[in-house]
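Encoded as structure tokens, the structure appears first; notes follow it.
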Amino acid sequence: LNTFWFDANQLSGTTSNSSSVQTWNNLTSFGLNAYQNSSSKRPTYYDDSNFGMNGYPTLHFDGSNDHYKINNNSNLNVQGSWYERSFSIVIRTSSDISSRQVIYEEGGHVRGLNLYIQDSKIWFGAWNVNNDGVGAPWAFQSVTQNINPNTEYVITAIFNGNDDITGSLELYCNGNYEIQNTGIGKLYGHSGDIRIGGGASYTDSGWSGSSKYFEGEIAEFIVMDNAIDGARRIIIDNYLAATYDIQL
């Protein structure tokens with residue numbers, strides 16, 4: 001089940017080229033839009049050939065402070081615990097793929113999930129370092145894929161934990177696949193920030209309280225409340241690749 005679905009193309013017709021966007025509407029029935037109340041931190045909508053993808057618009061994040069927030073909610077981070085989650089996103093990198101750039105993060109220095117760029121790689125990370133009960137604690141675990149500058153990617157990341165802390169993280173990047181198949185347990189409630197395009201980050205070197213921001217374009221972002229199987233992942237990846245003319 002899709003709990004969050006953000007599509008830059010849904011802004012067309014109501015948003016002019018090169019204008020900042022305060023609210024990126026969640027297209028599912030759950031509501032809970034992504035928003036940025038500070039006008040100086042809003043991503044920019046583009047539907048031109050310089051920033052668009054295959055004729056479709058994107059939102060440009062400047063790498064300085066642009067990002068969206070999502071309020072704490074029971075579908076993502078509070079009032080429960082989670083064994084599964086999947087993410088699919090279409091991005092274009094900038095010329096800088098060395099510095100740390102958070103594409104998505106939920107949680108904080110104790111528990112959470114994130115997707116970020118660093119050292120010419122895309123990283124998918126998860127952690128629950130507190131001894132919260134069954135399926136915890138477990139240290140930060142991650143899986144990576146090499147990426148190139150100024151390149152478009154269909155990225156799918158799958159969190160699939162269990163009580164035995166032997167679950168997996170999977171990362172698909174334009175069809176290339178990596179898996180971390182141990183050390184993944186249960187993710188307990190984590191009321192830290194939920195952000196698209198920036199935020200403080202947890203990495204293999206520990207928690208960094210300073211915010212790091214994504215530089216590049218995001219065209220579409222889907223969050224699902226289960227660990228999708230191979231058949232559904234192929235359908236989603238093929239849909240996104242065909243829409244934005246990205247070779248898998």
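Taking amide H positions as placed 1.01 Å from N in the peptide plane, with prolines and chain starts having none, which residues 5 or more places from Asp193, or on another chain, fall under 5 Å of its amide H?
Result for Asp193 returns Gly107.
Can you give the Rg/Rh ratio of the chain, where Rg is from the C-alpha atoms and Rh is the Kirkwood radius?
Ratio of gyration radius to Kirkwood radius: 0.94.
Which of rounded, prolate or oblate describes the range 189-248 when judged by the alpha-carbon gyration tensor and an a/c cut-off of 1.5?
In terms of gyration-tensor shape, prolate.
Does anyone have the angle between helix 230-244 and the longest principal axis of the chain? Alpha-carbon axes, 0 to 90°, nearest 10?
20
Is the shape of the range 159-198 rounded, prolate or oblate, going by the alpha carbon gyration tensor and its root eigenvalues a ≥ b ≥ c, with a/c under 1.5 for rounded and a/b larger than b/c for prolate?
Note, shape of the range 159-198 comes out oblate.
Over what distance in Å are the Cα centres of the range 119-182 and the range 186-222 separated?
So the separation of the two Cα centres works out to 13 Å.
I want to make sure I understand the PRE zone here: with the label point 7 angstrom from the Cα of Ser38 toward its beta carbon, which residues in the range 84-103 have backbone N atoms less than 16 Å away?
102
Using a 1.4 angstrom probe, figure out how much accessible area the range 1-91 has per residue, in square angstrom, rounded to the nearest whole. Show your work: numbers first, answer last.
Numbers: 4010 Å² over 91 residues.
In whole numbers, the range 1-91 has 44 Å² accessible per residue.
Mean residue ellipticity at 222 nm from the helices of the chain, using -39,500 (n - 2.57) per DSSP H segment of n ≥ 4 over the full residue count, to the nearest 500 deg cm²/dmol?
So the calculated ellipticity at 222 nm is -2000 deg cm²/dmol.
Going by the alpha-carbon gyration tensor, a ≥ b ≥ c the square roots of its eigenvalues, is the range 11-57 rounded (a/c under 1.5) or, if a/c is not under 1.5, prolate (a/b greater than b/c) versus oblate?
It comes out oblate by the Cα gyration axes.
For the range 109-226, what is the accessible area per residue in Å², given a 1.4 Å probe and the full set of protein chains?
With all protein chains present, the range 109-226 gives 34 Å² per residue.
When the accessible area of the chain is split by element with a 1.4 Å probe, what percent falls to carbon and sulfur?
C and S fraction of accessible area: 40 percent.
In percent, how large is the relative contact order of the range 53-211, given Cα pairs closer than 8 Å and 6 or more residues apart? Can you show the working numbers first?
Working: 414 pairs, mean separation 46.1, N = 159.
The normalised contact order for the range 53-211 reaches 29 percent.
For the range 121-248, state the semi-axes of the equivalent ellipsoid (square roots of 5 times the eigenvalues of the alpha-carbon gyration tensor), sorted largest first and rounded to whole angstrom. Mind showing how you got there, number by number?
Working: eigenvalues 133, 70, 33 Å².
In descending order the semi-axes read 26, 19, 13 Å.
The values are calculated or read from the model by the stated rules, or taken from the named source; none is laboratory data. All values reported here derive from a predicted model rather than from experimental measurement. Cβ atoms come from the backbone with ideal geometry, glycine included; neighbour counts cover every protein chain shown. Just the protein is used for accessible areas: all its heavy atoms, side chains included, with ligands, DNA and RNA removed. Shrake-Rupley method; radii C 1.70, N 1.55, O 1.52, S 1.80 Å.
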